[in-house]
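Here's the structure we're looking at; comments come further down.
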Amino acid sequence: MLPAIFGLEGLYLSDRERAFFRAAQPVGFILFGRNIASRQQVRALTAALRDALGRDSVPILIDQEGGRVARLQPPEWQTFPPAACFAELWEHDPNGAISATELNYEALGLDLAEIGITVDCAPVLDVPQLDAHDVIGDRAFGADPNVVAQLGRAALVGLARAGVVGVVKHTPGHGRSLADSHHHLPVVRSSAADLEVDLAPFKALADAPMAMTAHIVYEAWDAHHCATLSRKVIEDIIRNRIGFHGLLMSDDLDMKALSGNVPHLACAAIDAGCDVVLNCWGKMTDMEGMAECLPEATDECRQRLSDAMMAGQAVGEQNHVQERQEHLVAQRDALLGRAKV
């Protein structure tokens with residue numbers, strides 16, 4: 001098994017992609033808007049991806065947070081609110097906010113499970129600071145680490161009820177970034193003491209099944225490498241101080257925060273301690289290069305993967321999805337309405 005999660009080019013597997021995936025045996029796949037047209041099409045695509053690997057339990061990922069980060073779009077799929085809406089409700093009704101978050105992410109997860117998507121790259125556990133770049137913004141569950149942790153936990157619970165695994169991101173924290181790592185490499189100069197605020201939600205959810213790294217340099221910990229490529233940050237901060245021992249994946253290796261060719265970056269991230277590397281854009285030359293240079297997934301990676309995927313197998317047949325989803329959304333909206341009173 002190759003410790004990589006790959007994207008693909010279009011709505012259907014090409015013959016070249018199918019042959020490559022069958023030979024390379026990546027851990028899993030990630031879908032984007034370019035891969036999505038209709039429910040029937042996505043069901044066929046996810047079935048083809050599982051068939052190409054010959055495995056039933058394949059992580060098929062998507063970024064479906066709600067708000068501005070949503071790959072499944074209307075009119076085929078409904079919209080879901082950003083995380084900040086639940087933080088607003090917390091100010092009036094903490095218990096209601098937890099319930100509304102669980103309901104929301106269960107309803108959202110049903111959309112994914114119905115079309116064969118098994119992993120959602122959510123929730124965001126970043127704690128945004130006032131002077132930070134708005135790349136996180138309303139994607140976060142507010143600016144209080146305790147609230148972020150409790151609502152992040154509720155999101156994981158909701159997703160699991162729908163049969164979907166959540167990925168907490170962006171460890172060890174993206175909330176102080178002054179730049180968008182999709183375009184630039186952020187450098188955080190805050191002290192180690194200040195960074196404890198950022199770590200708090202990740203510590204509280206250290207038992208999450210999967211986590212994603214941040215392409216950010218934290219000078220207090222490693223002034224020379226971003227977290228994704230830093231053995232010191234991954235071992236000392238993520239694994240030891242946070243205490244996360246689930247499946248750790250890199251953020252997308254094609255982001256402009258990183259420099260160098262993708263296969264080299266993939267090997268560097270694995271060497272730093274990531275279990276799996278994420279390469280989203282389906283560029284065959286990059287994927288082939290990764291397959292040539294990456295080692296086999298370690299036994300530890302395989303066990304973490306197996307354990308993580310069990311977190312999304314809490315439900316059986318997805319019967320009467322629309323009716324169930326409508327009920328969940330109605331309950332959520334009733335609770336969110338309290339924040340507007």
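Restricting G33, G10 to those that are touching a Lys or Arg at 6+ places or on another chain (Cβ under 6 Å) and touching a residue at least 24 places away in the same chain (Cβ under 8 Å) reduces the list to G33.
Residues that are assigned to a loop (DSSP other than H, G, I, E, B) and over 22 Å from the mean Cα position of the chain (by Cα) within the stretch 1-37 comprise Y12, L13, S14, listed in sequence order. Between P128, P75, P123, the distinction of being surrounded by 19 or more Cβ atoms within 10 Å (Cβ to Cβ), more than 25 Å from D307 (Cβ to Cβ) and not hydrophobic (A, V, I, L, M, F, W, C) belongs to P128 only. Is at least one residue of the stretch 125-145 more than 23 Å from R239 (Cβ to Cβ), of a type in the set (V, I, T), in a loop (DSSP other than H, G, I, E, B) and in contact (Cβ under 8 Å) with a residue 60 or more places away in the chain? Scanning the stretch 125-145, I find no residue that is more than 23 Å from R239 (Cβ to Cβ), of a type in the set (V, I, T), in a loop (DSSP other than H, G, I, E, B) and in contact (Cβ under 8 Å) with a residue 60 or more places away in the chain, so the answer is no. Residues that are more than 15 Å from D271 (Cα to Cα), out of contact with any Cys (no Cβ under 7 Å at 6 or more places or on another chain) and among the aliphatic types (A, V, I, L, M) were ranked within the stretch 213-237; the one that is surrounded by the fewest Cβ atoms within 10 Å (Cβ to Cβ) is A223.
A quick yes/no check of all residues on (1) surrounded by 19 or more Cβ atoms within 10 Å (Cβ to Cβ); (2) modelled with pLDDT of 95 or more; (3) of a type outside the set (V, I, T):
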{"residue": "I5", "(1), (2), (3)": "yes, yes, no"}
{"residue": "D15", "(1), (2), (3)": "no, yes, yes"}
{"residue": "R34", "(1), (2), (3)": "no, yes, yes"}
{"residue": "T79", "(1), (2), (3)": "no, yes, no"}
{"residue": "D93", "(1), (2), (3)": "no, yes, yes"}
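Residues of the stretch 103-120 that are more than 17 Å from the chain's Cα centre (by Cα) and buried (at least 20 other Cβ atoms within 10 Å of the Cβ): L103, A107, I115.
Evaluate the stretch 200-223: report whether one residue or more is part of a helix (DSSP H, G or I) and among the aromatic types (F, W, Y). Within the stretch 200-223 (the criterion being part of a helix (DSSP H, G or I) and among the aromatic types (F, W, Y)), the answer is yes, since at least one residue qualifies.
The values are calculated or read from the model by the stated rules, or taken from the named source; none is laboratory data. Everything numeric in this text was worked out from a predicted model, so none of it was measured. Neighbour counts run over all protein chains shown; Cβ positions are idealised from the backbone, glycine included.
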